[in-house]
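The values are calculated or read from the model by the stated rules, or taken from the named source; none is laboratory data. Nothing here was measured: the structure is a model prediction, and the numbers come from that model. Surface accessibility is based on the protein's heavy atoms, side chains included, excluding ligands, DNA and RNA. Shrake-Rupley method; radii C 1.70, N 1.55, O 1.52, S 1.80 Å.
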Amino acid sequence: MKLIYLTLLVLPAALLCFQNANSLLARAEEDELDDVVDIEGEDSQVVGDDVIGEEDDSVVKSSQDVDTTVLFTKPITSYGDVAFDLQAGNPVEFLVGFINKGSEDYLVETMEASFRYPMDYTYYIQNFTALPYNREVKPKQEATFAYSFIPNEAFAGRPFGLNIQINYRDASGNAYQEAVYNQTVNIVEISEGLDGETFFLYVFLGAACVLILVVGQQALSSLARRRSPRSAPKPLETGTANDVDYDWLPKEVVNQLKKSPKTPKQSPRLRKAKRSAGDD
């Protein structure tokens, strides 16, 4: 029984320590990512110095005849928010509206998103897939394009610059690029359900409560046995042999009884005398 109690106490504690060790190792691995800017993503990554050089060589601007808007559908945000939260490991979905205010056609080719270093947007942290659309938008018309991506779970707890760009061309073949969204977002951890550390903590508390209840029950039962009074011995019945009334018997019979030895059985003569007395 003592071995079972010891197991209930030691096993949850060992599991909890093992879970804490794993979490510490995971946090240490995530902290190493702080010093690294070039992180593997879905597409090839570009380091900050290379980006600056490329932008200096060819700068692509947006067209004055085009207006764009962005609407996040997951998670839902309010307009004017400087920064909002994105859950790590959960998909982010948004819609981009493309309005052609000019007099010529525009061809929307691709749209892409990327995480940038929040202190310097020329440094790329992670690039997401560039989705091809190749959709033609006529003058005075509007089109909507959907896009989604999933933030890496290793980025949880850090702010990043989210950049969303749309690439399009006019009828003359001139290329344009416009940043429809370029603000800082916070990557947060998912808080749904129970994590391993909380689960093992509940198991440990449950085992401790069961152990306390069992020990308390045994202590109360032993205390009750000590305080319970002992039952008094039952008196020994001696019978009513000394209280027999012999006045109704004849004197000769009484004298004979007194002279005869005391036996548990009555003599036949005594039984005959009792029977005759009953007939009288």
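Given the pairs LYS61/LYS140; LYS74/LYS140; LYS61/LYS101, which are separated by over 26 angstrom at their Cα positions?
Working: LYS61/LYS140 21 Å; LYS74/LYS140 29 Å; LYS61/LYS101 17 Å.
Too far apart for the 26 Å limit: LYS74/LYS140.
How would MET119, MET111 rank on accessible area, largest to smallest, probe 1.4 Å?
MET119, MET111
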